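Please read the structure below before turning to the comments.
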Amino acid sequence: MPSAPTSLHITQDEADEYALGVLDADDNARIAMHAAGCPACQALIDSAMELTGQLALTAPQYSPPPALKAAVLRDSGITRAPPWRRIARYARPAAVAAAIASGLSAPSVSVERSA
């Protein structure tokens, strides 16, 4: 937001951004300095501050399930899966490979027919 001379009053948008804390340092200082000497602009900021304080109360607060954080971190690759899950991932392919290997290495049995 571009800086304006301190003699101008602040706008509603500036008051809202000031209350939310999203302004850069120069604009923040300019608005604070102006509001200190201007009761009308201070009232605008006070109103915006009250509204931003109520924003936190508008949405219901829910606690996430306890396992959600661990699942998100694990699925994103940030943390490793527990050992039992890593073993389970490779158990089926290992069992298939073992079955194939044992089938290939089993001695062949020939059956003789007598006539």
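Sort the following peptides by mean Cβ neighbour count (other Cβ atoms within 10 Å, averaged over residues), highest first: 37-46, 14-23.
Working: 37-46: 14.6, 14-23: 17.8.
For the peptides 37-46, 14-23, the packing ranking is 14-23, 37-46.
On the principal axes of its alpha carbon atoms, region 1-99 extends 85, 29, 15 Å, with the longest extent given first. What whole-number distance in Å separates the alpha-carbon centres of region 11-43 and region 53-89? That distance is 38 Å. Each Lys and Arg contributes +1 and each Asp and Glu -1, all at the Cβ; summed about the Cα centre of region 1-102, the dipole is approximately 1560 debye. Determine which residues of region 58-73 fall in the zone a paramagnetic label at ALA88 would reach in this model, i.e. backbone nitrogen under 18 Å from the point 7 Å along Cα→Cβ. Residues 66-73 fall inside that zone. What you get for region 36-93, charging only the Cβ of Lys and Arg (+1) and of Asp and Glu (-1), is a dipole of about 960 debye around the Cα centre.
Every number here is computed from the coordinates shown, using simple stated rules; none is lab data. This one's a predicted model, so the numbers in the text were calculated from it and none came from an experiment. Methodologically, a virtual Cβ is constructed for each residue, glycine included, from the backbone with ideal geometry; neighbour enumeration extends over all protein chains shown.
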